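Report on the structure given below.
The values are calculated or read from the model by the stated rules, or taken from the named source; none is laboratory data. Since the structure is predicted, the reported quantities are computational estimates derived from the model, not experimental observations. Cβ placement follows ideal geometry from the backbone for every residue including glycine, while neighbour counts extend to all protein chains displayed. All accessible areas refer to the heavy atoms of the entire protein, side chains included, with ligands and DNA or RNA removed. Shrake-Rupley method; radii C 1.70, N 1.55, O 1.52, S 1.80 Å.
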Amino acid sequence: MHKASLAGTGQVFSFTLCQHYKSKATIITLAILLLFSLASVPLMSRLGGGSADPAAAESRSETVDAENAAFLREVLIRNDTDLSISPEAVIAAVPAFADAEFTETDAIADLSGSIGAAGVHITGTDGGYHVTVTAAPDTVLTDDILDALAAGFSSAVHAAVLDASGITGEQLSAISAGWSVSTADAAKLAEDENSYSFDILYGVNYVYSFAVMFLCIMSTSYILSAMVEEKSSKLVEVLLVSVQPLALIAGKILAVMTWMTIDVILLLCGFGISCLLAPQLPGGVSITALADSAGLGTLLNSLDWTILPVILFSLLLGYATFSLLGGFFGSGCSTTEDITGANLGVTMLVIAGYIAAIIQGVLESRTLSIVLSLLPFFSVFCAPANYLLDVIGPGVLAASWLIQLAVIAGLARLTAAVYRSLIFYNGSRIKLWKLLSVARQAKGGAAQ
């Protein structure tokens, strides 16, 4: 591959990038995605649901909006248990209710017309206690306030039960701690201590391979569209005056990589702002609490984030591989109707790599993981995650990268040869076997 064959890459890169951001559809789509990223964490906290766990109830009660809590003026309490439940315990759990008046009553209160009052009925059940919170039909109290009031009384009942039994919170944690029994030989035990759990293995493979799949499919689709558009508009004839065919492909690939990187950075910034704002909103929770509730806290804490350069370089190699493959298939396209068929081949290969990464995470076979980490087109999905989880070592990862670089160099030469031969072709989409034949003919012509 000669340096002259890449002359004009910068011109194609600048032209493609400017054309992308001049599109109104691009700006509108990016704006919508930014809005979604800004609203993502508050929306997840709203849809996350609740929990009957006392600690979870306490965390919800502390996030009640103080301005709305001011609407609660009176709390009528009927306690049909032997527990001593004080208003101070409720206020300690929900400080926003400090201005409300707590009154004990011997009967279920009639709250008709009491728009700022709530009734609380505490009863004993078989093996437990139950808290019922009621309000008038025309009450000004929101569901969040009533839920926080119920959470506050639940916390107070829980504290009263511990106090009545003489058990401290630390003692309760020790008593309720679970235990298990297992048998294993020493070699297996040592191996388990140096390995990740199945959940972490599966989770890392799933998240990383999905990111690769999304990147490759999106970029390939855009490159195919740009190639066909240039052919149909005769723009390629103008570009060929100053650039080589390989430069056309390379310029498009670099431009797509650039604008996708910019878009991802903008979305990550929106997500970061969403994480900072979410705890400040009424009923909002932190992203850490959401991760813990989804079972991802252990996964995030267990990962070594110094591996990030390895992941980024592997993503770059995968992007270049499938982008060049898309350019190869796109060389035989002349109309927008041809794009679907050309993109199908790349998409199927991408999906195959994604499925292979998921399967290796399920099977937990070291041999299979090593093979997939070295296999072209599959290694980009499997090698980085396997290295991150200590399934493969630095040597296998380096070999995987060398193989991928060799494949990229071969695809670049193949794509350039086919694109040069078919750059003015206008006809039905050329199938794979015919494209390979064109490449052989182009190579033979160059040799002569």
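Just a few scattered comments:
- Residue 68-residue 92 FRET efficiency (beta carbon distance; Förster radius 22 Å; 0.05 resolution): 0.65
- Residue 312-residue 437 FRET efficiency (beta carbon distance; Förster radius 56 Å; 0.05 resolution): 0.90
- Mean Cβ neighbour count within 10 Å, used as a protection proxy, ranking 414-424, 140-150 highest first: 414-424, 140-150
- Integer Hz, Karplus 6.51/-1.76/1.60 couplings in order for the stretch 360-376, x for Gly and Pro: 5, x, 7, 6, 6, 9, 5, 4, 4, 5, 5, 4, 5, 6, 9, 6, x
- Rounded to the nearest 10 Å², the accessible area of residue 429 at probe 1.4 Å: 70 Å²
- For residue 316, the solvent-accessible surface with a 1.4 Å probe is about 80 Å², rounded to the nearest 10.
- Rough spin-label spacing in nm, given labels placed 7 Å along Cα→Cβ, for residue 163 and residue 276: 4.2 nm
- In the complete set of protein chains, residue-level accessible area for residue 206 is approximately 100 Å², probe 1.4 angstrom.
- Exposure ranking of 158, 130, 20, 121 by accessible area [1.4 Å probe, largest first]: 130, 158, 121, 20
- Accessible surface, the stretch 91-167, averaged per residue in Å² (probe 1.4 Å): 51 Å²
- Separation in nanometres of the label points that stand 7 Å from Cα toward Cβ, at residue 27 and residue 132: 6.0 nm
- Multiplying the residue separation of residue 39 and residue 146 by 0.36 nm and subtracting their alpha-carbon distance yields 36.0 nm.
- Carbon/sulfur fraction of accessible area - the stretch 299-448, other protein chains in place, 1.4 Å, %: 69 percent
- Spin-label pair residue 80-residue 344: with each label point 7 Å from Cα along the Cα-Cβ axis, the two points sit 6.9 nm from one another.
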